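Colleague: Below is one structure. I have some questions about it.
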Amino acid sequence: MDAVEIYRIVDGLVPKAISDEYCAVYGAYDNSGLLLNVGREVKAIVFSLDLSKGAIALAKEKGANLIVTHHPAIYGKLSSLSVEQPVERKLLECAREEISVISMHLNLDCAEGGIDDSLVDAFGGKTLRVMEKLTKGGYGKLSAVEKQPFEAFVRSLNATLETDRTVTYGKRDVSLVASFCGAGVSEGALSFAKENGADTVLSSDWKHHLIALCQDYGMNAVCITHYASESYGFRKFVNKCQAALPAPCFLHEDGLK
């Protein structure tokens, strides 16, 4: 199978149509899909949250000629390609080494059982409401958990996500959590959490004014790394792909949890 045929399989698991719908309904931007196709039969596949130097090195080590990422390998407009620019240098290296690249971004975030749902699974929540609903799936979850001290909630979450870089604010007991994978926390997300009675907000890439606003609303703020918020669900996606794909699959992690 070549990269086009592999892409059809992974798109069947988390269709790009989910990303397209999200962008159309909520005014977002994405660039998921087969972003670099070198036209070779796929011998092995590396999965990585990012198109990183480590992912490319593992692909070369394993003889893999396809890398599947979560974050788009090409995101903004490219008017030229230069080895002097880090992002472009990695794309050029992939092309030189005949490695194709697929990116599965907002579709993987929002799919049923995708990365945003997996974050809920990580803290043992039961989803009650979705902030941004789609035909199938959505983004931003309000979830119930068994009432517990804030410290116990954070300790269990850190163990599941395998991270020790979490920053927290607050001390309320936890029973209702609003969670947003990746950089999803915003004024609107906090309003959703407050209006629905959440005592805790979980996300990454918090700006200072959002932490302050969360405190003003009387809610706990749990600030995990972007990587930790998504790597747990990405690993689940890789497991699904391993069962569906005909080529050997390898997971690369960059140690940014």
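Colleague: Could you list the trypsin sites (Lys or Arg not before Pro) in the stretch 1-78 that lie in coil according to DSSP, counting only those with at most 10 other Cβ atoms within 10 Å of their Cβ?
Modeller: On the way: sites: Arg8, Lys16, Arg40, Lys43, Lys53, Lys60, Lys62, Lys77; in loops: Arg40, Lys43, Lys77.
Qualifying residues, ordered by number: Lys77.
Colleague: Which net charge results for the neighbourhood of Ala111, defined as the other residues with beta-carbon distances under 12 angstrom from its beta-carbon, given Lys and Arg at +1 and Asp and Glu at -1?
Modeller: Numbers: positive: Lys16, Lys136, Lys236, Lys240; negative: Asp11, Glu21, Asp109, Glu112, Asp116, Asp117.
Around Ala111, the charge tally is -2.
Colleague: Next up: Using a/c under 1.5 as the rounded threshold, could you call the stretch 112-224 rounded, prolate or oblate? The axes a ≥ b ≥ c are square roots of the C-alpha gyration tensor eigenvalues, and prolate needs a/b larger than b/c, oblate otherwise. Write out the running numbers ahead of the final one.
Modeller: On the way: a/c = 1.37, a/b = 1.12, b/c = 1.22.
Since a/c stays below 1.5, the shape of the stretch 112-224 is classed as rounded.
Colleague: Hey, another quick one. Lysines near Lys171 by alpha-carbon distance under 17 Å, same-chain residues fewer than 8 away left out - which ones?
Modeller: Lys147, Lys194
Colleague: Checking the table Lys62/Lys236; Lys16/Lys257; Lys236/Lys257 against a 19 Å threshold on Cα-Cα, which pairs fail? Display every interim value, and only then the final one.
Modeller: Working: Lys62/Lys236 21 Å; Lys16/Lys257 27 Å; Lys236/Lys257 16 Å.
Table pairs above 19 Å Cα-Cα are Lys62/Lys236; Lys16/Lys257.
Colleague: While we're here: Packing-wise, with mean Cβ within 10 Å as the measure, how do 194-205, 227-238 rank, highest first? Can you show the working numbers first?
Modeller: Numbers: 194-205: 20.6, 227-238: 22.2.
Highest mean packing first, the order is 227-238, 194-205.
Colleague: Looking at the stretch 102-188, which trypsin sites (Lys or Arg not before Pro) are in a loop (DSSP not H, G, I, E or B) and have at most 10 other Cβ atoms within 10 Å? Display every interim value, and only then the final one.
Modeller: Working: sites: Lys126, Arg129, Lys133, Lys136, Lys141, Lys147, Arg155, Arg165, Lys171, Arg172; in loops: Lys136, Arg165, Lys171, Arg172.
Here the trypsin sites (Lys or Arg not before Pro) that fit, given the DSSP loop and packing criteria, are Lys171.
Colleague: In sequence order, what are the phi-derived ³J(HN,Hα) couplings for the stretch 77-85 according to the Karplus relation 6.51 cos²θ - 1.76 cosθ + 1.60 with θ = phi - 60°, rounded to whole Hz, with x for glycine and proline?
Modeller: 5, 10, 9, 7, 10, 9, 5, 7, 9
Colleague: Follow-up. With a cap of 15 neighbouring Cβ atoms within 10 Å, and only residues DSSP puts in a loop, list the chymotrypsin sites (Phe, Trp or Tyr not before Pro) found in the stretch 65-148. Write down the numbers at each step before the final one.
Modeller: Values: sites: Tyr75, Phe123, Tyr139; in loops: Tyr75, Phe123.
Within the stretch 65-148, the qualifying chymotrypsin sites (Phe, Trp or Tyr not before Pro) (loop, at most 15 other Cβ atoms within 10 Å) are Tyr75.
Colleague: Turning to a different aspect of this structure: Going by average Cβ density within 10 Å per residue, which order do the peptides 87-94, 100-107, 219-226 take, highest to lowest? Walk me through the numbers on the way to the answer.
Modeller: On the way: 87-94: 17.6, 100-107: 26.1, 219-226: 22.0.
The packing order, highest mean first, is 100-107, 219-226, 87-94.
Colleague: Go ahead and estimate [θ] at 222 nm for the chain from helices alone: -39,500 (n - 2.57) per DSSP H run with n ≥ 4, summed, over the residue count, rounded to 500. Before the final figure, lay out each step's value.
Modeller: On the way: 10 runs with 105 residues, N = 257.
So the helix-based figure for the chain works out to -12000 deg cm²/dmol.
Colleague: Let me ask another. Lysines within cross-link reach of Lys77: Cα-Cα under 17 Å, excluding same-chain residues under 8 positions apart?
Modeller: Once the sequence-local lysines are set aside, what remains near Lys77 is Lys90.
The numbers here are math on the coordinates, done by the rules we state, and not lab data. Keep in mind that what you see is a predicted model, and the values were worked out from it rather than measured. With ideal geometry, Cβ positions are generated from the backbone for all residues, glycine too; neighbour counts draw on all protein chains shown.
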